[in-house]
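Mind having a look at this structure? Questions to follow.
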């Protein structure tokens, strides 16, 4: 990467990190706004992809798309869990682990908190994409952000 490209990437990281400051200005509404914005954009992008019946096949479709270079996401199974998904409150759920995420790298590099506005934008976008691929309404709920991976709960609403 050239010095010019490195400078551009650094500038973009600072711009993204500054989005987290919206929370101080707009308050708690920022989180929902960013998540829904990401979801809306994700649904548009998800329209361009094939459809799938299962979460694992949906992840494969996303991995094989241009979005596969953005996130490294895999299914997590709790101890004793034999299937990729499980039922809770009459809804299907799946644990997802984000091993690769450029937003997490921005947070760590720029010293901003994880699971703030820019994280919501990112996984809102993923929620929109996977909802179109599965042809079902979904939500993503954060479980534990971390420096090496983030664990989130995919809730499939039908």
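Kindly evaluate residue 46 against the criterion of being farther than 14 Å from residue 156 by Cα, in contact with a helix residue (DSSP H, G or I) (Cβ under 8 Å, 6 or more places away or on another chain), crowded, with 16+ Cβ neighbours inside 10 Å and at pLDDT 95 or above.
Yes, satisfied.
Give me the strands (runs of 3 or more DSSP E) completely within region 72-158, filtered to those with at least 2 residues that are surrounded by fewer than 17 Cβ atoms within 10 Å (Cβ to Cβ) and without any contact (Cβ under 8 Å) to a residue 12 or more places away in the chain, ordered by residue number. Spell out how you get there, then give the answer.
On the way: elements: 72-76, 86-88, 91-100, 138-144, 150-156.
Correct list: 86-88.
The values are calculated or read from the model by the stated rules, or taken from the named source; none is laboratory data. Computed from a predicted model, the values in this text were never measured in an experiment. Methodologically, a virtual Cβ is constructed for each residue, glycine included, from the backbone with ideal geometry; neighbour enumeration extends over all protein chains shown.
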